[in-house]
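Below is one structure, written out as structure tokens, with a few remarks after it.
The values are calculated or read from the model by the stated rules, or taken from the named source; none is laboratory data. In this text, all values refer to a predicted model and were calculated from it rather than measured experimentally. Virtual Cβ from ideal backbone geometry, glycine too; neighbours counted across all protein chains shown.
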Amino acid sequence: MQPDLPPLLRFDNLTLGYERHPAIHHLSAAIPAGALVAVIGPNGAGKSTLLKGVAGELRPIGGHIHLPEFGRKGIAYMPQRSEMDHSFPVSVFDMVAMGLWHELGPFSGLSRAQRDRVGHALEAVSLAGFERRPIGSLSGGQLQRARFARLILQDAPVILLDEPFAAIDTRTVDDLMHLMLHWHGEGRTILTVVHDYNQVRQHFPTSLLLARELVAFGPTAAVLTDAHLARARHLSEAFDDNAPECHVEEAA
Amino acid sequence: MSLYELLLAPFADFGFMRRALVGCLALALGATPVGVFLLLRRMSLMGDAMSHAILPGAALGYLAFGLSLGAMTIGGIIAGLVVVFAAGIVTRASILKEDASLAAFYLLSLAAGVMIVSLRGRNLDLLHVLFGSVLALDDASLILISAISSVTVLGLALLFRPLVLECFDPSFLRAVSRLSPVAHYGFLMLVVLNLVSGFHALGTLMAVGIMILPSAAARLWARSLPATLLVAVLIAFGSGLIGLLVSFHIDVPAGPAIVLMCGVAYFASLLAAPGGVLAGRLPVRRHLES
Amino acid sequence: MRFSSRLLLATLATLSLISGTVRAEPLMVTASFSILGDFVRQVGGERVQVEVLVGADQDAHAFQPRPSDSKRIGAAQLVVANGLGFDDWVERLARSGGYKGIVLKASRGVSTIKMADDHDHGHNHKHDHKHGGGIDPHAWQDAGNAQRYVGNIAEALIQADPAGSAYYRANAERYIGELKRLDSEIRLAIDSLPAERRKVVSSHDAFAYFAKAYGLQFLSPVGVSNNAEPTAQGVARLIRQLRAEKVPAVFIENVADPRLIERIQAESGASVGGTLYSDALSAASGPAPDYLTMMRHNLASLMTALTAVPPSR
């Protein structure tokens, strides 16, 4: 973490949750611009919840999320795969081209240049030639590549990825990881939820270890220690229905 | 019987046949595309729900203005809009999905309607009065469905991109645009307008039938959305034309004949189309190289 | 004690004799629908209090009884229904309300007509209405039959309230006289029409008795009665028929779908008549608040439409 870069994203005593039960409890951290951060932790640690909060899908029930100046417009979010309707009759090209929404708006057609960019994005994820195919005909790995192509076109300075490698073949994982590193090289700020610690050690310079509260944040080597991991495992996974009201915020 | 007598004479000789054909065309252009989207959003049963949900609006119109079709239709539209908007709000704001919230509101609406009707003229089957028939299209009804059809075509063209996105990847739309509620509610509004004007002019069977059956048939063929829309509209209009001719030459009721023609198209598609039941089960020709 | 109780008895007996001619409480009668209610009032006068289940402008075919109906009918001393399958539900409603008396079928004894086709007249709601073996129940549309109705009602009232028999008989006679006058009025009017003008189209075929009694042809829109869905061929046939036979008038009945009739009229050139009242009286302020007025209103509408010069096509 380079201390001279100003923090792009700041979590200030952040509590995010559902029905008053916190999934993330009093998280304070500052993400510098250009960081490539792996968000890790056991199941139920609040990783997806954190990304949802940054993307604006969930409102904090305590504390703040400080967004960069350009706000949500500059944030591209890729949730876990469940929400897209794969049987919908739309072609890969059209689906990926949606990434240009911020340029096109709801009405305008695609210019020649824009069509080319869509083509390039598809090439970048090795889906050239798939333009006309309906998205329902893609395999899991291919669909994930298409979503990445869409992300490319979104051209956002902040990118949030929730478990992008889940249930994907190794070759695709490698290719997409390559793409992420390329983005990192372009200076984008990336938060990714990852489960494979080997991958984290190999590629991600920064890690945020969550177990509903912040366990550790910083250079990966310093975060991924046995002590930290043990502590993370201990912290409870289930909601406690009888939990008393939390009074930590007054103290903090 | 010459070809002229078979195909053209019924329309040349009788004004009500010409009007019926125009009505079918308007419905095919406006309501059927809406039906395609309903199908894709898994809301196909909404038509039937809506035919009950409009009762309190029609009842209030009746209470205020007597048996005035205009008042009852407008009342019906308002009631329909209230129900879909309420259901839409609940769907977006709670854990209940579209079908549950719609079911809840349409049932409440129906119950309220029955109560209202019983306040006066309790032996009047209001909806029977309100629902029209394709052979009885007066000027007002024709104007109504033509106008709604035009509004729909325009609305779908404007809303096309956000609507499509709203259908297949709503979280992405929410992330990139604030138009998500506009697309959602705008679409629901088009649904109500098409359904109620369809009921008014043509009755529930035809209004819903022409929305859903051609859409289901087209879905089995087309791989892209524009193709689906086109095929659906063609099937809808073709069924209208042939259904009217069948009703004319074979003396069967017109509305059901039209819907059954749509059904014929649907069954044919089930058998023959790539998305149908036989596809993949028949011995295939030699496969392609790649 | 015995003297005072005998005195009490004697007083009571005298009082009841006196009160025999002036009833302290009116006889409670429930009639199934508005036309019958009118007949009962005409005969019963001040001695009866009539409750009508299916009131003015309401549709007996779509009647849904409420608990208050059941209660009211339970308190009645006489129930008057039409019979002929028109209002079979009355019997059931009365028994369930605890009524133990007679349910008079006011149409008893009239010569009946069978229904034209085997369909019920014109309403495709699902309801409790059956036709006993396909008999047309609208017998009251013939003023001659109406006299029979009145006679039956008078007998039933006398049976329920013997003390008023003279009163009821007098009223019945008077009213029957008026019905006879109505009957000849109608005959004269229809006879004054040239033969080729004695036909109308009406979507509601409740006028078979009227047609038979007075020689007016009521054409049902062929294949276009409301209970069956209209077919294009049926509508075309009717239009051709109207054009060919030059039927002068088409009537929109007050509970049918008027739009189809309008279409047919527009294409065939027939004039559109007013509203014909068939199964129900109108509200008191309307054109058909009682039977006599209703029949005269229908006659006037028919005559106006049939004597009008048809517009050239």
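Points to keep in mind about this one:
- Selection from the range B:202-257 of residues that are closer than 30 Å to B:Asp13 by Cβ and among the hydroxyl-bearing types (Ser, Thr, Tyr): B:Thr204, B:Ser239, B:Ser247
- Residue within the range C:295-305 that is of a type outside the set (A, V, I, L, M), away from chain B (no Cβ under 12 Å) and in a loop (DSSP other than H, G, I, E, B) present: no
- Taking every residue in the range C:96-107 that is under 15 Å from C:Val29 (Cβ atoms) and pairing it with any residue that is among the charged types (D, E, K, R), at least 6 positions away or on another chain, the pairs with Cβ-Cβ distances below 7 Å are C:Gly97/C:Lys71; C:Val103/C:Glu91.
- Residues within the range B:252-264 that are away from chain C (no Cβ under 11 Å) and closer than 19 Å to B:Leu6 by Cα, tallied: 1
- Tally of residues being farther than 26 Å from B:Leu108 by Cα and either surrounded by fewer than 24 Cβ atoms within 10 Å (Cβ to Cβ) or of a type in the set (Lys, Arg) (or both) across the range B:29-39: 1
- Restricting the first member to the range A:104-118 and to residues that are free of Cβ contacts under 8 Å to residues at least 40 places away in the same chain, and the second to residues that are of a type outside the set (Ser, Thr, Tyr), the beta-carbon pairs closer than 6 Å and six or more apart or on different chains are A:Pro106/B:Arg161; A:Pro106/B:Pro162; A:Pro106/B:Leu179; A:Gln114/A:Leu100; A:Val118/A:Val96; A:Val118/A:Ala97.
- Qualifying residue in the range C:47-55 (condition: of a type in the set (S, T, N, Q), surrounded by fewer than 20 Cβ atoms within 10 Å (Cβ to Cβ) and in contact with a strand residue (DSSP E or B) (Cβ under 8 Å, 6 or more places away or on another chain)): yes
- Helices (runs of 4 or more DSSP H) within the range A:73-157 that include 1 or more residues buried (at least 21 other Cβ atoms within 10 Å of the Cβ) and at the interface with chain B (Cβ under 8 Å from one of its Cβ atoms): A:92-97, A:101-104, A:140-154
- Count of residues meeting criterion [away from chain B (no Cβ under 14 Å) and either of a type in the set (Lys, Arg) or within 22 Å of A:Gly34 (Cα to Cα) (or both)] in the range A:158-183: 15
- Of the helices (runs of 4 or more DSSP H) entirely within the range A:191-252, those holding at least 2 residues that are at pLDDT 85 or above occupy A:197-203, A:220-223, A:226-234.
- Check on B:Leu154, without any contact (Cβ under 8 Å) to a residue 24 or more places away in the chain and either assigned to a helix (DSSP H, G or I) or in contact with a Phe, Trp or Tyr (Cβ under 6 Å, 6 or more places away or on another chain) (or both): yes
- Here B:His287, B:His249 are screened, and the one residue that is within 14 Å of chain C (Cβ to nearest Cβ) and either over 30 Å from B:Leu69 (Cβ atoms) or at pLDDT 90 or above (or both) is B:His249.
- Among residues of the range C:44-79, those that are within 14 Å of chain B (Cβ to nearest Cβ), within 16 Å of the chain's Cα centre (by Cα) and not hydrophobic (A, V, I, L, M, F, W, C), counted: 5
- Selection of first residues in the range C:259-270 that are touching a residue at least 24 places away in the same chain (Cβ under 8 Å) and of second residues that are of a type in the set (D, E, K, R), restricted to Cβ pairs under 8 Å at least 6 apart or on distinct chains, gives the following pairs, ordered by first then second residue: C:Arg263/B:Arg19; C:Arg263/B:Asp138; C:Ser268/C:Arg243; C:Gly269/C:Arg243; C:Gly269/C:Arg313.
- Restricting the range B:131-151 to residues that are at pLDDT 85 or above and not in a helix (DSSP H, G or I) leaves a set whose member that is surrounded by the most Cβ atoms within 10 Å (Cβ to Cβ) is B:Leu137.
- Candidates are the residues of the range B:221-242 that are in contact (Cβ under 8 Å) with a residue 24 or more places away in the chain and within 14 Å of chain C (Cβ to nearest Cβ); the one that is surrounded by the fewest Cβ atoms within 10 Å (Cβ to Cβ) is B:Leu241.
- Among residues of the range C:238-262 being surrounded by fewer than 22 Cβ atoms within 10 Å (Cβ to Cβ), under 26 Å from C:Leu193 (Cα atoms) and within 10 Å of chain B (Cβ to nearest Cβ), the one that is modelled with the lowest pLDDT is C:Asn254.
- Test: residue in the range A:52-63 that is in a strand (DSSP E or B) and touching a residue at least 12 places away in the same chain (Cβ under 8 Å): yes
- Segments classed as helices (runs of 4 or more DSSP H), wholly inside the range B:45-130, with at least 3 members that are aliphatic (A, V, I, L, M) and buried (at least 23 other Cβ atoms within 10 Å of the Cβ): B:46-53, B:55-65, B:69-93
- Looking across C:Ala172, C:Ala156, C:Ala146, one residue alone is crowded, with 20+ Cβ neighbours inside 10 Å, of a type in the set (A, V, I, L, M, F, W, C) and in contact with a Phe, Trp or Tyr (Cβ under 8 Å, 6 or more places away or on another chain). It is C:Ala146.
- In the range B:162-184, of all residues being at pLDDT 90 or above and either more than 8 Å from chain A (Cβ to nearest Cβ) or in contact with a Pro (Cβ under 8 Å, 6 or more places away or on another chain) (or both), the one that is nearest to B:Leu229 (Cα to Cα) corresponds to B:Leu163.
- For A:Lys47, the conditions (1) crowded, with 22+ Cβ neighbours inside 10 Å; (2) within 26 Å of A:His203 (Cα to Cα); (3) within 11 Å of chain B (Cβ to nearest Cβ) all hold with the exception of (3).
- Every condition in (1) in contact with a His (Cβ under 9 Å, 6 or more places away or on another chain); (2) buried (at least 21 other Cβ atoms within 10 Å of the Cβ); (3) not aromatic (Phe, Trp, Tyr) is met by A:Ala166 except one, and the failing one is (2).
- Selection of the range C:176-218 for residues being modelled with pLDDT under 90, among the hydroxyl-bearing types (Ser, Thr, Tyr) and exposed (fewer than 15 other Cβ atoms within 10 Å of the Cβ) yields an empty set.
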